[in-house]
Amino acid sequence: MHTINNQIFTDFLDCKYKAYLKLQGEIGQRSEYEELEASLSAEYQECAQKHVADSGILVTKRALEVESNVTLREGNMMVDMDALVKERHSAESSLTRYIPVIFSYRNKITKKDKLLIAFIGEVLTRKEGAKSGYGRLIHGDEYRNTKVHLTESLVSECGRMLAEITEIRDGNTVPQFRLNKHCSVCEYQEICHSMAIEKDDLTKKTS
C-alpha cells in the first residue's frame, strides 16, 4: 500500500489524475520545468537552513526545541518538514505543541503552500494528539518568516482532499481524466497526451 506523502499530496493539488498515476506506480519523464523547480528548491533549502541556524528566527520565547529536516510517519501518511519547532502552548502552560516549518524560494505565498502545511499539521495532530494551530513558511529572497494559521476552513479542505486521495490510493475511485494547465510542465505529459488522442479528448486546458 502506497504511503501518502508530501509529493503525492502536492501532485493531487496540481492534478488529481497525476496523483492517481503516481499512486499506480507509473513512471514519468520529468519536464525541464520540474527539473528547474527541484534544483531551485534544493538550493534554497540549503541556504534557508543556514539562515535559520545563524539568525535564530525560529527560536522564540516559547520555543523548547528546533529540529531541522524532520520526517514523521503516522499510519499510511509520511511528511517531511524543513524544520519542526516544539514550543509551550502558552507562557503559563506546561503543555507543548509542534509547529511545522517549510521553505519556499518563492516570494509569494500560495494556496498550495498553505494546504501543504495543513497536511503536515494533520499528521502531527494524529501523531502527537495535539493540534498545531499554525505553521510557518520561510520564503523568498529575504527569508521572510510568515505564520500560516490552520483555520477551520483550511483544515477541513485538507481533510476532504486526504479522504479523496485515500479513496484513490485504495482503488475505490479513479479521478476523471482531463487535460489542464499543469499538463505542459508535467512528467506525465506524454502519457496523458496519448490517452487524450485515444479518447479524442484534446479539448484544452481548463483548470
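The values are calculated or read from the model by the stated rules, or taken from the named source; none is laboratory data. All values reported here derive from a predicted model rather than from experimental measurement. When we count neighbours, we look across all protein chains shown, and the Cβ atoms used for this are built from the backbone with ideal geometry, even at glycine.
Kindly indicate the residue of region 8-53 that is over 15 Å from residue 167 (Cα atoms), small (Gly, Ala, Ser) and in a helix (DSSP H, G or I) and also farthest from the chain's Cα centre (by Cα) among those meeting that condition. Out of the qualifying residues, it is 53.
Being in contact with a strand residue (DSSP E or B) (Cβ under 6 Å, 6 or more places away or on another chain), of a type in the set (Asp, Glu) and free of Cβ contacts under 8 Å to residues at least 40 places away in the same chain is a property that does not hold for residue 32. Annotation note: Cβ proximity below 7 Å between a residue of region 69-89 that is among the β-branched types (Val, Ile, Thr) and a residue that is surrounded by fewer than 21 Cβ atoms within 10 Å (Cβ to Cβ) (sequence gap 6+ or interchain) occurs for 71/78; 71/80; 79/5; 79/6; 79/72; 85/58; 85/63; 85/66. With respect to the conditions (1) in contact with a helix residue (DSSP H, G or I) (Cβ under 7 Å, 6 or more places away or on another chain); (2) in contact (Cβ under 8 Å) with a residue 60 or more places away in the chain, residue 135 falls short on a single one, namely (2).
Taking the stated definitions as given, is residue 122 surrounded by fewer than 19 Cβ atoms within 10 Å (Cβ to Cβ), out of contact with any Phe, Trp or Tyr (no Cβ under 8 Å at 6 or more places or on another chain), of a type outside the set (Lys, Arg) and within 30 Å of residue 39 (Cβ to Cβ)? Criteria not met by residue 122.
Here are some residues: 87, 74, 65. Which one is of a type in the set (Asp, Glu), surrounded by fewer than 16 Cβ atoms within 10 Å (Cβ to Cβ) and either at pLDDT below 90 or farther than 24 Å from residue 157 by Cα (or both)? The unique qualifying residue is 65. Restricting attention to region 15-29, the residues that are aliphatic (A, V, I, L, M) and free of Cβ contacts under 8 Å to residues at least 24 places away in the same chain total 1. Of 108, 114, all but one fail to be basic (Lys, Arg) and either without any contact (Cβ under 8 Å) to a residue 40 or more places away in the chain or in a strand (DSSP E or B) (or both); the exception is 108. The lone criterion from (1) among the hydroxyl-bearing types (Ser, Thr, Tyr); (2) surrounded by fewer than 19 Cβ atoms within 10 Å (Cβ to Cβ); (3) farther than 21 Å from residue 161 by Cα left unmet by residue 110 is number (3). Out of curiosity, is residue 190 surrounded by fewer than 16 Cβ atoms within 10 Å (Cβ to Cβ), at pLDDT 95 or above, of a type in the set (D, E, K, R) and within 30 Å of residue 27 (Cα to Cα)? Spelling it out, it is not the case that residue 190 is surrounded by fewer than 16 Cβ atoms within 10 Å (Cβ to Cβ), at pLDDT 95 or above, of a type in the set (D, E, K, R) and within 30 Å of residue 27 (Cα to Cα).
Filter region 135-179 down to residues that are of a type in the set (D, E, K, R) and assigned to a helix (DSSP H, G or I) and give me whichever is surrounded by the most Cβ atoms within 10 Å (Cβ to Cβ).
Filtering region 135-179 for residues that are of a type in the set (D, E, K, R) and assigned to a helix (DSSP H, G or I), the one surrounded by the most Cβ atoms within 10 Å (Cβ to Cβ) comes out as 169.
If you go through region 4-53 and keep only what is under 18 Å from residue 175 (Cα atoms), surrounded by fewer than 17 Cβ atoms within 10 Å (Cβ to Cβ) and among the hydroxyl-bearing types (Ser, Thr, Tyr), you end up with just 10.
Kindly establish whether residue 99 is surrounded by 13 or more Cβ atoms within 10 Å (Cβ to Cβ), over 13 Å from the mean Cα position of the chain (by Cα), aliphatic (A, V, I, L, M) and in a strand (DSSP E or B). Against the criterion (surrounded by 13 or more Cβ atoms within 10 Å (Cβ to Cβ), over 13 Å from the mean Cα position of the chain (by Cα), aliphatic (A, V, I, L, M) and in a strand (DSSP E or B)), residue 99 qualifies.
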